[in-house]
Amino acid sequence: NECVYSESYTIDPLPAISVVGQAVNDVSCFGAADGSVQYIVTGTSNFEYSVNGSPAVPGTSPIVLTGLAAGVYTIVVTDIDTNCEATASVTVEEPSTALAIALDVTPISCVDSGSVVITATGGWGGYSFTLTLPDTTVLPPQTNGTFTNLTQAGTYTATVEDVNGCIVSDTFDL
């Protein structure tokens, strides 16, 4: 009784799941929590995800996270049907130091008008300088922090804005 039965089966692989992340916006200013990232999930539409070990929640692609401080955001996406996982990490950057302003003021004298040299440090760089005069006239933005021929007596407001929109101001009197 040499009865033999054989049958072949093909087991299809599980569909591949993947996730790709990208920074949408770094934080605007040192210490701010206004960064954002986006993750795009492919290979499944029935998934849940967890960010930095938080409890898993159901999701749809793209996943956009906002209000983020600087740091690394790691997402783990799990296909609910297959239990397969994919992971991606995105870093939200911030400047190494806070945007700061320093003023070197030359007062108005009997023979000379006043001036101010505004110096900016920190932030994202790419500084733009503006000066608001005592009569509230705002001088146009410039990339140089030197303002001369200041003739109005009163309080001036010096403002610096970096390339990411972080703004710092200080006042001085002439």
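Looking at residue 22 and the list (1) out of contact with any Ser or Thr (no Cβ under 9 Å at 6 or more places or on another chain); (2) open to solvent by 80 Å² or more (accessible area, probe 1.4 Å); (3) modelled with pLDDT under 95, which single condition is not satisfied?
(3)
Can you name the residue in the stretch 47-67 that is open to solvent by 60 Å² or more (accessible area, probe 1.4 Å) and in a loop (DSSP other than H, G, I, E, B) and, of all such residues, is farthest from residue 82 (Cα to Cα)?
Out of the qualifying residues, it is 52.
Quick one: residue 164 ticks every box in (1) within 20 Å of residue 28 (Cβ to Cβ); (2) in a strand (DSSP E or B) except a single one, so which number is it?
(2)
Being touching a residue at least 24 places away in the same chain (Cβ under 8 Å) and either over 20 Å from residue 93 (Cβ atoms) or of a type in the set (Lys, Arg) (or both) is the filter here, so list the residues in the stretch 26-50 that pass it. I'd like the intermediate steps shown before the answer.
Quick first cut of the stretch 26-50, residues touching a residue at least 24 places away in the same chain (Cβ under 8 Å) only: 26-39, 41-44, 46-50.
Those that are touching a residue at least 24 places away in the same chain (Cβ under 8 Å) and either over 20 Å from residue 93 (Cβ atoms) or of a type in the set (Lys, Arg) (or both): 41, 42, 43, 44, 46, 47, 48, 49, 50.
When you check residue 11 against the structure, is it over 19 Å from residue 97 (Cβ atoms), part of a strand (DSSP E or B) and open to solvent by 70 Å² or more (accessible area, probe 1.4 Å), yes or no?
no
With respect to the numbered conditions (1) more than 22 Å from the chain's Cα centre (by Cα); (2) at pLDDT 95 or above; (3) open to solvent by less than 30 Å² (accessible area, probe 1.4 Å), which one is the sole condition not fulfilled by residue 44?
For residue 44, the failing item is (2).
Specify the residue that is most open to solvent (accessible area, probe 1.4 Å); the eligible residues are those in the stretch 121-143 that are touching a strand residue (DSSP E or B) at 6+ places or on another chain (Cβ under 7 Å) and part of a loop (DSSP other than H, G, I, E, B). Let's see the steps before the verdict.
Step one: filter the stretch 121-143 for residues touching a strand residue (DSSP E or B) at 6+ places or on another chain (Cβ under 7 Å), giving 121-122, 127-134, 138-139, 141-143.
Now drop any that are not part of a loop (DSSP other than H, G, I, E, B), which leaves 122, 127, 133-134, 143.
Working: 122: 18, 127: 56, 133: 25, 134: 43, 143: 124 Å².
Here the answer is 143.
Between 171, 97, which is part of a loop (DSSP other than H, G, I, E, B), among the hydroxyl-bearing types (Ser, Thr, Tyr) and out of contact with any Leu (no Cβ under 8 Å at 6 or more places or on another chain)?
None of the others qualify; the one that does is 97.
State all residues of the stretch 68-102 that are open to solvent by 50 Å² or more (accessible area, probe 1.4 Å), touching a residue at least 12 places away in the same chain (Cβ under 8 Å) and not hydrophobic (A, V, I, L, M, F, W, C); if no residue qualifies, say none.
Correct list: 81, 85, 87, 89, 91, 93, 94, 96, 97.
The values are calculated or read from the model by the stated rules, or taken from the named source; none is laboratory data. Just so we're clear, the structure is a prediction, and the values are computed from it rather than from any experiment. Don't worry about glycine lacking a Cβ; one is built from the backbone with ideal geometry, like all the others, and counts go over all protein chains shown. SASA here: full protein model, heavy atoms, side chains in, ligands and nucleic acids out. Shrake-Rupley method; radii C 1.70, N 1.55, O 1.52, S 1.80 Å.
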